[in-house]
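Every number in this text was worked out from the coordinates using simple rules, so none of it is lab data. If you're wondering where the values come from, they're calculated on a predicted model, not measured in any experiment. As a convention, Cβ positions derive from the backbone with ideal geometry for all residues, glycine included, and neighbour counts pool all protein chains shown.
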Amino acid sequence: MFGQGALYAVSEVSYDVFRLLPSNPLEFPSVLLHALLSMLIEHVGFSQDFSPTLLRPVYKHLQYFLNLSIQSSIRSIKDQAYVLAKLAMRSTGAFDKNPWEIGAWLLFLPACAADDNCCKDEEGEFLQSLSTPLVSFLCDAVSTVGNKLVNSWALLKCRLSNLEVVKGT
């Protein structure tokens, strides 16, 4: 029906599709959450082919996706949230040289994202209790790197535009 160019044109409008995320995803109906996460994966997947600048703000939602990946009881939602968490980390630009490093960082999160039976014993409950500080630490680190890289790109873009103005005169 619509080609990727049409999606690109819609994406270029300054509408933040991530505003659609509910504040508490676990209270959201699972069917709607599954559809929303699928739409976000498709949106980010298409936009990364066209404009890397569209990926920049995705890292700001990393904590949302990680929490959903750890806390959701529905496997497909966990998997989609995990994919979006990896895309969010990738959106910083810090992992461009080694995207496999993202998976290494996510390995340190509680195993509940990979094994539904791990939270049924005391060890699993202990790991679950560690998830909040681990997720917070990882999100702060990714956000700091993302903000610094975005600021550096903006500064470089400004300097290049000033250089073009000087060259043109």
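Between residue 152 and residue 27, the contour length at 0.36 nm per residue exceeds the Cα-Cα span by 41.2 nm.
Give me 19, 159 ranked fewest to most by other Cβ atoms within 10 Å of their Cβ, as a rough exposure proxy.
Values: 19 6, 159 10.
Placing the least packed residue first, the sequence is 19, 159.
Compared with the direct C-alpha span, the chain from residue 76 to residue 41 gains 11.3 nm at full extension, assuming 0.36 nm per residue.
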